Amino acid sequence: MIKAVVKQIGEHSMDAKDEMIILFGEKVTDELEKFSVIQKIETDGPFNLEVGGTILFDEQEYHIVKIGSVANRHLDSMGHVSLMFKNPEGMDELSNAIYLEPYTFPTINEGTVITYR
């Protein structure tokens with residue numbers, strides 16, 4: 001289990017109609033910061049997320065239904081991943097995405113704890 005805390009929410013990062021949240025670690029460029037949710041990863045250890053795992057935003061639980069080929073590696077190296085809140089069937093898979101259900105946008109604020117398991 002890996003925990004992170006939301007440190008900052010970019011002004012253009014939380015649009016539910018996009019059905020996506022872009023997460024970055026604290027070493028993000030100024031331009032990407034506007035479109036990203038910045039997380040501080042507080043638990044050491046490699047990410048090893050897989051289909052059937054869960055991601056929690058405080059108490060809001062989401063299940064991993066599909067995971068891109070580089071998602072774990074990018075989370076390890078830069079705290080970066082795209083979280084998709086829509087059905088992945090028939091879509092081109094993004095290599096750095098994690099597809100989650102339910103397909104509803106979570107409530108995220110500064111200080112939200114993200115738990116990866």
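Values as computed for the structure displayed
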{"read-out": "Relative contact order (%) - the chain, alpha-carbon pairs under 8 angstrom, separation at least six", "value": "35 percent"}
{"read-out": "Rounded FRET efficiency, nearest 0.05, which uses the C-beta distance separating Val70 from Glu42 and R0 of 30 Å", "value": "0.85"}
{"read-out": "Within segment 1-113: Cβ-based charge dipole about Cα centre, in debye rounded to nearest 20 (Lys, Arg +1; Asp, Glu -1)", "value": "140 debye"}
{"read-out": "Listed residue pairs exceeding 22 Å between alpha carbons, taken from Lys7/Lys66; Lys34/Lys66; Lys3/Lys86; Lys17/Lys86; Lys27/Lys66; Lys7/Lys86", "value": "Lys7/Lys66; Lys34/Lys66; Lys3/Lys86; Lys27/Lys66; Lys7/Lys86"}
{"read-out": "Under 12 Å from the Lys7 label point (7 Å along Cα→beta-carbon), backbone N, segment 39-82", "value": "39-42, 79"}
{"read-out": "Angstrom value of the Kirkwood radius, inverse mean 1/r, which spans all Cα pairs in the chain", "value": "13.9 Å"}
{"read-out": "Modelled FRET efficiency - R0 35 Å, Glu101 with Thr29, Cβ distances, 0.05 increments", "value": "0.70"}
{"read-out": "In sequence order, calculated HN-Hα J values of segment 79-84 (Karplus, 6.51, -1.76, 1.60; Hz; x Gly/Pro)", "value": "x, 10, 6, 9, 9, 10"}
{"read-out": "Per residue convex hull volume, Cα atoms of segment 29-91, in Å³", "value": "124 Å³"}
{"read-out": "Solvent-accessible area per residue, Å², over the chain with all protein chains present [probe radius 1.4 Å]", "value": "54 Å²"}
{"read-out": "Rounded to the nearest 10 Å², the accessible area of Arg73 at probe 1.4 Å", "value": "150 Å²"}
{"read-out": "Förster-model FRET efficiency, 22 Å R0, Lys17 and Asp58, C-beta, rounded to 0.05", "value": "0.45"}
{"read-out": "Area accessible to solvent at Thr104, 1.4 Å probe radius, in Å²", "value": "80 Å²"}
{"read-out": "Percent carbon-and-sulfur accessible area, the chain, ignoring ligands, DNA and RNA, probe 1.4 Å", "value": "47 percent"}
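The values are calculated or read from the model by the stated rules, or taken from the named source; none is laboratory data. All values reported here derive from a predicted model rather than from experimental measurement. No Cβ is skipped: glycine too gets one built from the backbone with ideal geometry, and neighbour counts run over all protein chains shown. To get the accessible areas, we keep the full protein, side chains included, count just its heavy atoms, and leave off ligands, DNA and RNA. Shrake-Rupley method; radii C 1.70, N 1.55, O 1.52, S 1.80 Å.
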